[in-house]
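This report concerns only the one structure given below.
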Amino acid sequence: MRILHLSDTHVERTDAPNRNGVNATDSLRLMLAELRHLRDVDAVVVTGDIANEGDVEAYAAVRELVGEFARPLDAPVFYTTGNHDEREAFGKVLGSGHPDPERLLETGASERAAVSTVGGYRFVTLDSLVPGEVYGRISAAQLDWLREVLSTPAEHGTVLAFHHPPLALGLSVTQPVFGLLNPGELASAIRGSDVRVLLTGHFHLQLFGMLEAVPVWVTPGVVNRIDLTTPYGTERAVRGASASLVELGGPASPMFHTFHARDPRAHETVYQLDEERTRAVLEKYGPTALG
Ligand SMILES: [Fe+2]
Ligand SMILES: [Fe+2]
């Protein structure tokens, strides 16, 4: 099983530069053009922050670009929501996020979670979006549903995809207050199940860790990259689109590798927050929001 894992396209309503001077649609176009030689991709997973401000036009643009890429590969594309997404607009264009879901979450809420099977692997997407917040949470209703889904093992196991990593580095945007707030509840829902890997995004950098016995991959962003070489307490984003390939089923499974688009302006600073501004962001979206 070879999965192309994209995340954080942050596409705007119009095909134009964003407030940081980056054209997010161009970043996605460039990344996909760079991946044109990729073969034997069984599925494409896009783990949220698809639209920067939740515009229908942005979802349509991503669906068209990624769909065009995936069509000759005959690979289904699965989408999840992220903190920048808007569930209603997402649903209008991408539905459940699966082209032909075999099972959907039905909670009465608008959360988007679904199941599809590809080559004996079960793909489950969850919705960690908490409207208005940067951090994420997987609701009790989704966790109950997930337990039920996982109670029957799939032929080759399950791939679980959602936006907010259940991991934290304790630096800048990768602090626990910006990731998934209930990793323990997720861990208990998947303990002893056939989940082989968790695919996430949100941090805009590549990161690997474990949630108990399950490998967690954070794919870098398409729109930009967060550069952790900045001084402690500050934050820097640089140009450069990236993507990952996840290989499952071989003797070294899971394996992850990343692709970096050859952007002539790669590594140029997109924005830099000094200590004061970083602290202000943390205060606005971090601990006080948890109270
Ligand atoms: Fe993002
Ligand atoms: Fe995000």
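For segment 181-204, the set of residues classified as farther than 26 Å from Ser27 by Cα, surrounded by 17 or more Cβ atoms within 10 Å (Cβ to Cβ) and hydrophobic (A, V, I, L, M, F, W, C) consists of Leu181, Leu186, Ala189, Ile190, Val195, Val197, listed by residue number. May I ask you to verify whether Glu283 is among the acidic types (Asp, Glu), out of contact with any strand residue (DSSP E or B) (no Cβ under 9 Å at 6 or more places or on another chain) and at pLDDT 95 or above? Taking the combined requirement at face value, the residue does not satisfy it.
Consider segment 216-229 and keep the residues that are buried (at least 19 other Cβ atoms within 10 Å of the Cβ) and over 29 Å from Ala187 (Cα atoms). The one that is farthest from ligand 1 (Cβ to nearest atom) is Asn224. The residue that is farthest from ligand 1 (Cβ to nearest atom), counting only those in segment 134-164 that are within 20 Å of Pro220 (Cα to Cα) and assigned to a strand (DSSP E or B), is Val159.
Here Asn20 meets the list (1) in a loop (DSSP other than H, G, I, E, B); (2) closer than 29 Å to Leu248 by Cα; (3) polar (S, T, N, Q) almost entirely, failing just condition (2). Mind listing just one residue for me: the one in segment 58-71 that is away from ligand 1 (no atom under 14 Å from the Cβ), over 23 Å from Asp40 (Cβ atoms) and of a type in the set (A, V, I, L, M) and, of those, surrounded by the fewest Cβ atoms within 10 Å (Cβ to Cβ)? Out of the qualifying residues, it is Ala60.
Within segment 176-192, no residue that is more than 23 Å from Gly157 (Cβ to Cβ) sits with its Cβ atom under 6 Å from a residue that is in a helix (DSSP H, G or I) and among the aromatic types (Phe, Trp, Tyr) at 6+ positions apart or across chains. Among the conditions (1) more than 16 Å from ligand 2 (Cβ to nearest atom); (2) over 22 Å from Ala141 (Cα atoms); (3) surrounded by 17 or more Cβ atoms within 10 Å (Cβ to Cβ); (4) not β-branched (Val, Ile, Thr), the only one that Phe78 does not satisfy is (2). None of Ser172, Ser139, Ser128 is in contact (Cβ under 8 Å) with a residue 12 or more places away in the chain and within 13 Å of ligand 2 (Cβ to nearest atom) except Ser128. If you take the residues of segment 128-153 that are buried (at least 16 other Cβ atoms within 10 Å of the Cβ) and of a type in the set (S, T, N, Q), which of them is nearest to the chain's Cα centre (by Cα)? Among those that are buried (at least 16 other Cβ atoms within 10 Å of the Cβ) and of a type in the set (S, T, N, Q), it is Ser128. All of Leu186, Leu198, Leu167 fail the test of being within 16 Å of Pro254 (Cβ to Cβ), more than 13 Å from ligand 2 (Cβ to nearest atom) and outside any strand (DSSP E or B), apart from Leu167. State whether one or more residues within segment 10-24 are crowded, with 20+ Cβ neighbours inside 10 Å, more than 19 Å from the chain's Cα centre (by Cα) and within 16 Å of ligand 2 (Cβ to nearest atom). Scanning segment 10-24 turns up at least one residue that is crowded, with 20+ Cβ neighbours inside 10 Å, more than 19 Å from the chain's Cα centre (by Cα) and within 16 Å of ligand 2 (Cβ to nearest atom).
Here's the yes/no breakdown for (1) assigned to a loop (DSSP other than H, G, I, E, B); (2) within 16 Å of ligand 1 (Cβ to nearest atom):
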| residue | (1), (2) |
| --- | --- |
| Asp15 | yes, no |
| Leu38 | yes, no |
| Val45 | no, yes |
| Leu73 | yes, no |
| Asn83 | yes, yes |
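The values are calculated or read from the model by the stated rules, or taken from the named source; none is laboratory data. Please read all numbers here as calculations on a predicted model, not as lab measurements. Here Cβ is always computed from backbone atoms with ideal geometry, including for glycine, and neighbour counts include all displayed protein chains.
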